[in-house]
Amino acid sequence: MNGRHVALAVMFGVGCTGTIDGGRSPNGEFPTDSSPSPTSPTGPMPTEPTPTMPTMPSAPCTAVEPAPARVIRLSQVELGNTLDVLYGQVAALDVPRDSRAFGYSTGDQQTVNLPFAEGLQRTLETRSTAVRASWTFSSTCQASETAARTCAIDQLRTLGRLAFRRPLTASEVTELGEIYDLGRDTTATTTVLARARAGMDYALRALAQSPQLLYRSELGTDGAAAGTNAALTSSELATALAYTLLAAPPDAALLDAAERGELSTSAGRRAEVNRLLTASPNLFAAQLERFVSEWLLIDFDKPAWTKSASTYPSFSPALLTAIKSETSQQLRGWARQPSFDTLLTGSSWVVGPQTASLFGISAPATAGSVALNPSQRAGILTSPAFLGTHAHTDGSAPVSRGIVVLRNVLCRSLPPPPANVPPLPSSSSMPGRTTRAVVENHLRNGGSACQGCHALFNPMGYALEAYDGLGRFRTEENGLPVDSTGAIVGLDRPDQSVAGPTELARALSSSAEVQKCFTKQAFRFATGRLEATADRCTLERLDARFAANGKDVAGLLSALIEDETFTQRKVATP
Amino acid sequence: MTQISRRAWLKTFAGLSAASVAQFDGLLRSAWAQTAPPLRLVCLTQPHGITSYWRPRMPNGGALTERGWRLDFDPDSSLGPLERHKDSMVIIEGLDFTCCYGPGSTGSIGHHSAIAALTGSDLRGPDDRRSKTPSIDIFLASLLRTPPLVITFYDALKSWDATGEVYPENEDMVRTYQQLFGGLMTTTDPVAQAKSRADLRVLSYLNSDAQRLRTRLAGPERVKLDQHLETLHSMETRINRPTSCAKPAAPVGRGDLMEYPLRHQLAMQYLSTALACGLTRVATCHLSGGNRMPFLDLGGTDPAVHNDVVHVMQDNVDLSIRRVSRIHRWHAEHVAALCDQLKAIPEGNGTVYDNTIILWTNELGNPRDHEPWNVPFVLLGGGGAWQKGRFLTYNSGSGTSVTARETNAHNRLLTKVANQFGANRTFFGEPAFTGELQGL
């Protein structure tokens, strides 16, 4: 499917209103039954979401409404960080990409299917081969097979605690010992050391493939009655805290704190959050980079990055690598003081020798943070990473850009596009017109049926027409002046005209509705699920904390971890 | 015990023309132990819809009837390469992805309606992009307790598991080869045997672990562990797979850089070998030659298939229709090759083809308008309790109302196919569409 077609595919939406939250039912589920779709002379048209505002109950927020008990399969990043604890950073993961059914790779819907399991097996074989020689056994341990086995079991107990986020049980140790014994025979070498390493290899594979490692359990104490709220165990609390904040397993200090019961209080969890932010800033920075990238659908593997050589002769794989690297540096640097306003409106960006031309500045000797013209750049929405991803291979893509802003920054839903949408002609194939003019002409040809939906997002995309498909600022296209005036439609205040991209970014940043949307997106990312009606109070508390703490994103994640719903789950009926 | 002769095996694949197509390095002596050959399912999907060149035509040019038609009536006929297999075909037109636009749907149409092809259902919602129900291939693999084999060359067409999660995409034939054939043991090496024992012990440990966790879960959370346990069973099956099964020669080069024609050629070969060797009973290939098909004459200079060929097809311009049909025909050539390969492997009193159902469909109907109705379906293979060699039409002709199209829901075909494997279903996918497809 071609991006240009997808971008325009919403063009023929019928009577589109862009409902907020997509018209959810009171239980938080999407309606699954509705009246028949309307028909047209050419066939049934798609069902249009009911244009209703969310019907949030107005009851005071007193009772704790925890989420259902569940297990969450580790995402790629989480699994990689976990295996690093067992093996060290010796090889990349070879498992399929995370699906993003709920928008984020943290989604709790992911499963252990055959391609994932086999990919993990390949990864473990690779990692084992890489590090096996470094598994040390002292001379005492090498004195006999029995001595080696005792030493191996000791090591497995230590690693097992980190892998399972709790001490191994006696029966688990026994089983791992049996696997160790069988593993020893998998080498043709007969020395005690070689056989012990082969045994360790298999025992570690068992640890690393175990459901105890692969799933984050949020079930609470075993034996809790169905329908009741169960408190998460100390191990589960430590696990949830560490993976939410760092995408990594809890360290020994966090496990110790959990075992002392310190995570059962908000203050205790806050203390551990603060400790981990200091102890593991790189992991936290990577976690925020992941969140922001997934929130705005920044994806350097997208076909849009196969830029046309004729349209963008300066583009090269090396330039793409530089954009990718500097975006990562930018976001990780921002994560040290992660202000929402800075993210959306900051005019400093990491620029290197290769990317300087994208920003219209002289090439620096090395990549570093540069204060850019604030009338040209304001935050992530005006970055090459965002603009180049949401572009065509041979031009900008105002419709795609507008839709991403509408859906992901404003949290507004759109009905699915109709089928019979003709592709948008390439602006490069229409000399004498700007991209905006091509789109507007296409819309006119589509008739009034197009206008409803496109009026909601095109104006935001038009404001980003000040950048081409590589994210370069421009005032002209095809020799014609670029019109980057736009508007934000349907916010918590009257429609707001904007003179260009930086004004768009600042208007979005100051909108309470956008801030609430960001809170919701952070909630989805951190919890790995869509919000339900029962989460209303939690979201309200998060909104309040976010506004009160100067829109600090680290504080927002901490607030979620400190919230009382973090420690409990509702037990389902088996 | 079914025997496949070495002569027959080598004869099957020796005739393949491409240099990179593997030559076989051994003898398939006893692929499976059961006395009755198992019924297998192959699901094939492809993009871009169909044209008037897809329909069979009568030799005398008259009105199309259920039998007596030809497929190779024109060099650009979509199904021409399957002329030699037509006696075992059922060609079905007029079925709709009603589940994507009828009551209860999320409204996924255009390319998005591809989710319906094998699931018979829609996404759960605009923010919950899981399928409501599993696709028939993963469903039946679970029912039959056989490891699913899914190859994906097109990102809009996917398979889905019981939790609604998309089944991971795989378009790398080097990796597929390793997964299917890389671990086949051809030696009595004691170290290899020790590895097998240790691998099985690890799987036993993982299985116990997953079982324990499963008992604490309910509802959709338990389904996750069911899926996990099936995966472990599949891995165990692969360790215990036939050790004497011949495997193709390993592919050369990087899988991610392989050209589409070669990818498809290898996919069909691996698929038929995996079925014949008992490595799986359910295999899927989501076919696609990519968005550039320079190996076809599509007019212009390396046109983009989607934008420059499919979407601009004009009903009154024969050449534009022929170009779209050539794309379909390219896919049909690979389907025909798969049939040839399955037919060439003796099994019991016939061939593996006789014990296979091939279900082949599309992401949509009309190429230009991307409509989710009048979606083509083709059944091939000797399996399935239906009469072969027929053309069936389910287009009521009343056109546009939801009620009329409800009668054409393709779910009933999926139900019919699922029940050939003992699924005993009254519906497949969307529950509203009950019963099996009548007239098949």
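For this structure, a couple of remarks:
- Residue-span extension gain [A:Thr190 to A:Asn282] - 0.36 nm each, minus C-alpha spacing: 28.8 nm
- Distance between the 7 Å Cα→Cβ label points at B:Gln314 and A:Trp135: 7.0 nm.
- Over segment B:104-168, relative contact order from alpha-carbon pairs under 8 Å, at least 6 apart, %: 32 percent
- For segment A:211-231, residues shielded by at least 30 square angstrom of accessible area compared with the chain on its own, probe 1.4 Å: A:Pro211, A:Gln212, A:Tyr215, A:Leu219, A:Asp222
- Rounded to the nearest whole Hz, the Karplus-based 3J(HN,Hα) values (6.51 cos²θ - 1.76 cosθ + 1.60, θ = phi - 60°) of segment A:258-263 follow the sequence 5, 5, 7, x, 6, 8, with x at glycine and proline.
- Peptide B:97-107 is shielded by partner chain Cβ atoms: per residue, an average of 6 of them sit within 10 Å of its Cβ.
- Computed about the Cα centre, the dipole magnitude for the protein assembly as shown is approximately 1320 debye when only Lys and Arg (+1) and Asp and Glu (-1) carry charge, each at its Cβ.
- Pairwise FRET efficiency - A:Thr265 versus A:Arg161, Cβ, R0 = 30 Å, nearest 0.05: 0.80
- A Förster distance of 56 Å, applied to the separation of the beta-carbon atoms of B:Thr301 and B:Thr237, puts the FRET efficiency at 0.70.
- Hull volume per residue, based on the alpha-carbon atoms of the protein assembly as shown and their convex hull, is 174 Å³.
- The modelled label-to-label distance between B:Asn395 and B:Thr65, using points 7 Å beyond Cα along the C-beta direction, is 2.0 nm.
- Gap separating the Cα centres of segment B:58-73 and segment B:98-140, nearest whole Å: 34 Å
- Residue-normalised convex hull volume from the C-alpha trace of chain A: 184 Å³ per residue.
- For A:Lys324 and A:Ala226, the FRET efficiency from 1/(1 + (r/R0)^6), where r spans their Cβ atoms and R0 equals 60 Å, is about 0.80.
- Formal net charge of residues neighbouring B:Ser204 (Cβ-Cβ distance under 12 Å; K, R +1; D, E -1): -3
- Protein heavy-atom surface of segment B:211-346, 1.4 angstrom probe: 51% of the accessible area is carbon and sulfur, with nucleic acids and ligands not counted.
- For segment B:137-194, the square roots a ≥ b ≥ c of the C-alpha gyration tensor eigenvalues yield an a/c of 1.5 or more together with a/b not exceeding b/c, which makes the shape oblate.
- Note on segment A:461-574: with charges restricted to the Cβ of Lys and Arg (+1) and Asp and Glu (-1), its dipole about the Cα centre is near 520 debye.
- Heavy-atom accessible surface of chain A: percent carbon and sulfur, 1.4 Å: 55 percent
- Placing +1 on the Cβ of every Lys and Arg and -1 on the Cβ of every Asp and Glu, with nothing else charged, gives segment A:150-260 a dipole about its Cα centre of roughly 220 debye.
- Residues in segment A:436-574 average 35 Å² of solvent-accessible surface per residue, probe 1.4 Å, ligands and nucleic acids excluded.
- Chains A and B together bury some 6200 Å² of accessible area, summed over both sides, with a 1.4 Å probe.
- With a simple spin-label model that places each label point 7 Å from the Cα along the Cα-to-Cβ direction, the separation between A:Asn441 and A:Thr146 comes to 8.9 nm.
- Cβ-based charge dipole, segment A:263-422, positive-most Cα from A:Thr327, A:Ile403, A:Ala286: A:Ala286
- For segment A:160-205, residues shielded by at least 40 square angstrom of accessible area compared with the chain on its own, probe 1.4 Å: A:Glu175, A:Ile179, A:Leu182, A:Thr186, A:Tyr202
- Calculation over all alpha carbon pairs of segment A:515-574 in 10 angstrom steps from 0 returns a P(r) of 22, 58, 16, 4, 0 percent.
- Leading residue at positive end of dipole, chain B (Cβ point charges), from B:Thr351, B:Leu95, B:His286: B:Thr351
- Residues in segment B:192-215 occluded by at least 50 Å² - accessible area, probe radius 1.4 Å, against chain by itself: B:Ala198, B:Arg201, B:Val202, B:Tyr205, B:Leu206, B:Asp209, B:Leu213
- Normalised contact order of chain B, rounded percent, pairs of Cα under 8 Å and 6 or more residues apart: 30 percent
- Selection from A:Gly183, A:Gly555, A:Ser510, by position along the positive dipole direction of chain A (Cβ): A:Ser510
- Annotation: B:Arg67 carries an accessible surface of approximately 110 Å², with a 1.4 Å probe and no ligand, DNA or RNA atoms counted.
- Computed lengthening from B:Glu259 to B:Arg212, 0.36 nm per intervening residue step minus Cα-Cα distance: 12.4 nm
- Length gained when the stretch A:Thr573-A:Ala363 is fully extended (0.36 nm per residue, less Cα-Cα span): 69.3 nm
- Cysteines without a disulfide-compatible partner [chain B; Cβ-Cβ under 4.7 Å]: B:Cys43, B:Cys99, B:Cys100, B:Cys285, B:Cys339
- Shape class of segment B:67-213 from the Cα gyration tensor (axes a ≥ b ≥ c, square roots of the eigenvalues): oblate, since a/c reaches 1.5 or more and a/b does not exceed b/c.
- Segment A:409-568: C-alpha gyration tensor shape, a/c 1.5 cut-off, then a/b vs b/c: prolate
- Taking amide H positions as modeled 1.01 Å from N, with prolines and chain starts lacking one, the residues under 5 Å from A:Gln568 and 5 or more places away or on another chain are A:Leu232.
- Here A:Lys324 is the anchor, and the lysines within straight C-alpha reach of less than 23 Å, apart from those fewer than 8 places off in the same chain, are A:Lys302, A:Lys307.
- Proximity of backbone amide H atoms, modeled 1.01 Å from N, is registered between A:Arg73 and A:Gln110, A:Arg216 at under 5 Å, excluding neighbours fewer than 5 places apart on the same chain.
- Highest-fluctuation residue, B:Thr393, B:Thr152, B:Thr215 considered, GNM on chain B with Cα pairs under 10 Å: B:Thr215
- Looking at segment B:188-302, the accessible area is 38 square angstrom per residue; that uses a 1.4 Å probe and ignores ligands, DNA and RNA.
The values are calculated or read from the model by the stated rules, or taken from the named source; none is laboratory data. Remember, predicted model here, so these are calculated numbers, not experimental data. With ideal geometry, Cβ positions are generated from the backbone for all residues, glycine too; neighbour counts draw on all protein chains shown. Ligands, DNA and RNA are excluded from the accessible area calculation, which covers all protein heavy atoms including side chains. Shrake-Rupley method; radii C 1.70, N 1.55, O 1.52, S 1.80 Å.
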